[in-house]
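Have a look at the structure below, then the notes.
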Amino acid sequence: SQLIDQIAAGEVVERPASVAKELIENSLDAGARRIEVDLEQGGVKLLRIRDDGHGIPAEELALALARHATSKIGGLADLEAVASLGFRGEALPSIASVSRLTLTSRAAGADHAWQVRVDGDGRVGEPQPAAHPQGTTVEVRDLFFNVPARRKFLRTEKTELGHLEQVVRRMALVRPEIGLRLTHAGRSLLDLPAAADEAVVERRLEALLGAAFLGHALRLDAAAVGLRLHGWLVRPAFSRSQADMQFFFVNGRPVRDKLVAHAVRRAFQDVLHHARHPAYLLYLELPARLVDVNVHPAKQEVRFREGRQVHDFIFRSLQRRLAEGGL
Ligand code: ADP
Ligand code: MG
């Protein structure tokens, strides 16, 4: 029902940035090579995400907006090893229940696109033929127009835009092979070509983190017991703005995790004897069955099956690399 959708929306949809996160993850799951994000008024008035992924077949369009209608879990085995970013089938119906949403999609091989609209009342309109290249566009207008209590909690346009940019930047860091464009009120904020080689990856990192980051960074690549940790480490406090230059990705998913943060901080502390604002960009890869991403709908948290082992692996890898010197 619409009420259930709105309650679920309270968990999944906090602000425009959380809408963008869910929609970009859907685009990634659909195998997109390029994603374009267009915003107006900090994403509140308009948040439009277009991708060139595999699209949604006409007969599944309305279903995509139905609660728990995920196409991504085949069975219990899948549930235990969630590899795709989305897996709950909640995002689209939740977002649709608190906005005016238009979903336009052309499936691979289809000769044209179809479009459905929901105006926050839970009723999905009849699919209409539409013009669109292969892929999907989700247009979210007037976020929280029908939930004044939530609308009241939105901050200034600038603040909401800042959160949105962070989401897009994190995605750009974790998937350099995907082209990304971000505009606000018609103005280009980010335009990143798909990175095919290391040089383009480094140019993207410079564009996202500033040239100083790579200039000060130590390359890390460590593997043990089926885990791999790679990325860059930067000396604590090399720049004033580095408090928010802490990026950790687990199996391609941006993660904020106490265990991870602790392991990193301890390694910096252990070797450099101070750990205030270390900067890092780290990618941890491990078998999907060893990490539970089904902790919270917003999916920033993870739970490791072998927390101790993961903690020690991160700590030791960083400790060893930092001790080798170079920072
Ligand atoms: P989930 O991602 O958890 O499956 P969502 O509510 O986010 O749930 O999306 C519902 C379904 O709609 C997805 O399972 C997928 O089949 C389809 N879908 C949503 N966005 C896209 C997209 N950009 N491209 C292709 N299919 C999509
Ligand atoms: Mg999803």
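Structure summary
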| item | result |
| --- | --- |
| Degrees between helix 258-272 axis and first principal axis of the chain (Cα, 0 to 90, nearest 10) | 30 degrees |
| Backbone HN-Hα couplings from phi across the stretch 18-34 [Karplus 6.51/-1.76/1.60, Hz, Gly and Pro as x] | 6, 4, 4, 4, 4, 5, 5, 4, 4, 5, 4, 4, 7, x, 4, 9, 8 |
| Dipole magnitude of the chain about its Cα centre (Cβ charges: Lys, Arg +1; Asp, Glu -1), debye to nearest 20 | 1120 debye |
| Residue exposure sequence - SER188, SER18 - by fewest surrounding Cβ within 10 Å | SER188, SER18 |
| Pair-distance profile P(r), taking every C-alpha pair of the stretch 106-207, with 10 angstrom steps and integer % | 12, 28, 33, 23, 4 |
| Burial ranking of peptide ranges 123-131, 165-173 (average Cβ count within 10 Å, highest at the top) | 165-173, 123-131 |
| Semi-axis lengths (Å, descending) of the ellipsoid that matches the C-alpha gyration tensor of the chain | 36, 21, 19 |
| Peptides ranked, highest mean first, by Cβ atoms within 10 Å: ranges 32-43, 213-224 | 32-43, 213-224 |
| Proximal lysine pairs, the chain, alpha carbons under 29 Å, eight or more residues apart or interchain | 15 |
| Table column - 3J(HN,Hα) (Hz), the stretch 170-180, Karplus curve with 6.51, -1.76, 1.60, x for Gly and Pro | 4, 4, 5, 6, 7, 10, x, 7, 10, x, 9 |
| Estimated [θ] at 222 nm from DSSP helical runs (n ≥ 4, -39500 (n - 2.57)) normalised by residues in the chain, nearest 500 | -10000 deg cm²/dmol |
| Translational diffusion coefficient (Stokes-Einstein; Kirkwood radius from C-alpha pairs) of the stretch 87-158 at 37 °C, 0.692 mPa s, in µm²/s | 244 µm²/s |
| Helix 198-209 vs. the chain, principal-axis angle (Cα, 0 to 90°, nearest 10) | 80 degrees |
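No value in this document is a laboratory result; all are computed from the given coordinates. Computed from a prediction, not measured in an experiment: that's the story for all the values here. Note that each Cβ is placed from the backbone with ideal geometry, even for glycine, and that neighbours are counted across all protein chains shown.
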